[in-house]
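Encoded as C-alpha cells, the structure appears first; notes follow it.
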Amino acid sequence: MKITDLKVAIIGDAPIVRVTTDEGIDGVGAGETFKPYLKPMIEFYRDLIIGKDPTDVERVMLGIRRMGSFKPWGTAVSAIEMALWDIAGKAAGVPSYKLLGGKIRDKVQVYNGNVRFKREGNEPEHFAADMQVMKDHPYNFSIIKQPVSFHGGMHRYMDDFHFGTAVQNRRYPNRGTITPKGFKYLLACIEAMQDVLGDDVGLALDCGPGMTVPDALKLAKELEGSNIMWLEDMVIGNYHPYELADQYTQITPYTSTPIHTGEQLYLRQNCVDLIERNAVNVLGPDVADVGGIAEMKFIAEYADLHGILFAPHGTFNGLIGLAAQTHMAAVLPENFIAFELPTADPAWWLDIMEGGEQFAVTDSHIDVPDTPGLGLTFIPEEGGKYLREEDAGFFDD
Ligand SMILES: [Mg+2]
C-alpha cells in the first residue's frame with residue numbers, strides 16, 4: 001500500500017488531515033479545534049510521506065518526526081501519525097489499539113476537559129456554584145479540573161493578585177510572586193470547590209504557568225492532606241517550548257501534593273529530564289502535540305518505570321482527537337489516571353462522521369470501541385456542507 005496524498009481542510013475552525021492511499025483506504029487526524037492556522041504546517045509534510053507504505057507507521061514517522069518541534073509543528077506531525085494508525089487499523093481490519101499492543105482495559109476514564117460552564121462571578125461562592133453544576137453533569141465525572149491562579153486569570157480580574165502589572169492578553173505569559181491577599185483568595189476558592197466535591201469527586205487544578213517556585217511549593221504544602229488530584233503547570237507548561245525540570249525538582253520532592261506538567265511537550269526526548277529526575281508526579285502530554293499515539297505509549301511506559309503517573313491533555317482535540325485519545329488510553333500502562341475530554345465541537349461533527357456515538361461518556365468513562373482503525377469515517381455528503389471553498393476537493397480520492 002502507498003500513500004497517494006495528504007489533504008488538509010479547515011472544518012469548523014479545526015485543521016483536519018486526510019491521508020489517502022492507492023488501495024482506497026484513508027485515514028483521518030486532527031489538531032485543536034480553534035487552530036485553522038496550522039493548515040500550511042501540516043501540508044509541509046506532504047512530500048515527505050507520499051509514496052510510503054502507511055501501514056509501516058514507524059518508518060513513515062522516522063521520516064518526518066525530526067522535522068517537527070514543540071507547538072505548532074508537533075501538532076502537524078501528531079495529526080499525521082493518527083491518520084497512519086487509522087489506515088493501519090482499517091487495512092488490518094482491527095481497531096488501531098490492537099496494533100499498539102492491544103488494550104489492557106475495556107473502558108477508559110476521562111475528566112471534564114471541554115465540558116465547562118461560565119462562572120457567574122469571581123467570589124469563592126461562584127467557584128462553588130460552578131463546581132456544583134459540573135458535579136451534577138450527566139457524565140458523572142470522577143475527576144474535575146478547574147483553572148485557578150494565573151491559569152484561571154486571577155491576575156487579570158484582580159488588581160493585586162500578584163506583585164506585577166498584568167498584561168491583559170490571554171496569550172501573554174504573565175508571571176510573578178502572588179501577594180498575601182491573592183494567595184488567601186486562591187486558597188478560599190479552592191476550599192469552596194472542595195467543599196462541594198467532598199469525597200465523591202477528585203479535584204485537579206490547572207494553575208499556571210506563571211507561579212514562582214516558592215509560591216508553587218507553598219500552595220502544594222497548603223493543600224497537603226486535602227486529596228487534590230494534581231496541581232498542573234504551576235511554573236511552566238502550556239505553550240512553553242521547553243520543560244525546565246530544574247524548577248520542578250525544587251517543588252515535587254518536598255510535598256505530598258501531586259505535581260503535574262507536560263501538555264506542551266514534543267517527543268520522548270523532551271520528557272527524559274522530567275522523568276529520570278522525577279521532576280513531576282504526573283505527566284500530561286497531548287496526543288495531538290507530542291508526536292502521536294505511539295509516542296504517548298512510549299512516554300507513559302517510561303514514566304511508569306519511574307513511578308510517574310499519566311493524565312494526558314486534550315481538551316480541544318475535537319471528535320477525531322477523542323477517538324485517538326481513547327485508543328491511546330486503552331493501551332497505556334496502569335499509571336494512566338484519566339484524559340482530558342475533548343468533545344465533538346461544534347456538535348454537528350457527530351452528523352458528518354460515522355462512529356462518533358461510540359465515544360459517548362457514561363460515568364466518566366468511554367467504552368473502548370471495536371471498529372477498525374480509529375473508528376470514525378467521514379460522510380462526504382454531510383461533511384461537504386462545511387468545507388471552505390479552497391478545500392472543496394478534500395473528500396475526493
Ligand atoms: Mg493545562
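The values are calculated or read from the model by the stated rules, or taken from the named source; none is laboratory data. It should be emphasised that the depicted structure is a prediction, and the values quoted were computed from it without experimental measurement. Glycine also receives a Cβ, built like all others from the backbone with ideal geometry; neighbour counts cover every protein chain displayed.
Odds and ends about this structure:
- Hey, residue 327 in contact with a Leu (Cβ under 8 Å, 6 or more places away or on another chain) and within 21 Å of residue 15 (Cα to Cα) or not: yes
- With a requirement of 1 or more residues that are within 16 Å of the ligand (Cβ to nearest atom) and more than 20 Å from residue 86 (Cβ to Cβ), the helices (runs of 4 or more DSSP H) lying completely within region 263-356 that satisfy it span 272-276.
Yes/no matrix, rows are residues, columns are (1) outside the structural domain of residue 258 (by TED's automatic domain parsing); (2) more than 11 Å from the chain's Cα centre (by Cα); (3) of a type in the set (Gly, Ala, Ser):
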| residue | (1), (2), (3) |
| --- | --- |
| 311 | no, no, yes |
| 317 | no, no, no |
| 328 | no, yes, no |
| 335 | no, yes, no |
| 352 | no, yes, no |
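- Residues that are of a type outside the set (Val, Ile, Thr), within 20 Å of residue 257 (Cβ to Cβ) and not in a helix (DSSP H, G or I) within region 171-205 comprise 198, 199, 200, 202, 203, 204, 205, listed in sequence order.
- Within region 206-219, the residues that satisfy the criterion of being in a helix (DSSP H, G or I) and of a type in the set (A, V, I, L, M) are 213, 216, 217, 219.
- Counted residues, region 237-254 - those being more than 12 Å from the ligand (Cβ to nearest atom) and part of a loop (DSSP other than H, G, I, E, B): 7
To keep it simple, each residue is scored yes or no on (1) in a loop (DSSP other than H, G, I, E, B); (2) outside the structural domain of residue 366 (by TED's automatic domain parsing); (3) hydrophobic (A, V, I, L, M, F, W, C); (4) touching a helix residue (DSSP H, G or I) at 6+ places or on another chain (Cβ under 8 Å).
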site	(1), (2), (3), (4)
79	no, yes, yes, yes
86	no, yes, no, yes
89	no, yes, no, yes
113	yes, no, no, no
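Table: residues versus (1) more than 16 Å from the ligand (Cβ to nearest atom); (2) modelled with pLDDT under 95.
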{"position": "200", "(1), (2)": "yes, yes"}
{"position": "209", "(1), (2)": "no, no"}
{"position": "215", "(1), (2)": "yes, no"}
{"position": "224", "(1), (2)": "yes, no"}
{"position": "228", "(1), (2)": "no, no"}
{"position": "235", "(1), (2)": "no, no"}
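- Test: residue in region 255-262 that is within 16 Å of the ligand (Cβ to nearest atom) and either part of a loop (DSSP other than H, G, I, E, B) or modelled with pLDDT under 95 (or both): yes
- Remark: pairs (first residue in region 147-175, closer than 25 Å to residue 112 by Cβ; second residue among the aromatic types (Phe, Trp, Tyr) and away from the ligand (no atom under 16 Å from the Cβ); Cβ separation under 6 Å; 6+ apart in sequence or on different chains) = 154/161; 155/161.
- Criterion: within 19 Å of residue 143 (Cβ to Cβ), surrounded by fewer than 23 Cβ atoms within 10 Å (Cβ to Cβ) and touching a residue at least 12 places away in the same chain (Cβ under 8 Å) - qualifying residue of 346, 333, 312, 342: 333
- For region 138-149, the criterion of a residue being aromatic (Phe, Trp, Tyr), modelled with pLDDT of 95 or more, outside any loop (DSSP other than H, G, I, E, B) and more than 16 Å from the ligand (Cβ to nearest atom) is satisfied by no position.
- Given (1) within 13 Å of the ligand (Cβ to nearest atom); (2) closer than 27 Å to residue 135 by Cα, index of the condition residue 184 fails: (1)
- Subset of region 155-205 that is touching a Lys or Arg at 6+ places or on another chain (Cβ under 8 Å) and within 20 Å of residue 137 (Cα to Cα) - its residue that is surrounded by the fewest Cβ atoms within 10 Å (Cβ to Cβ): 200
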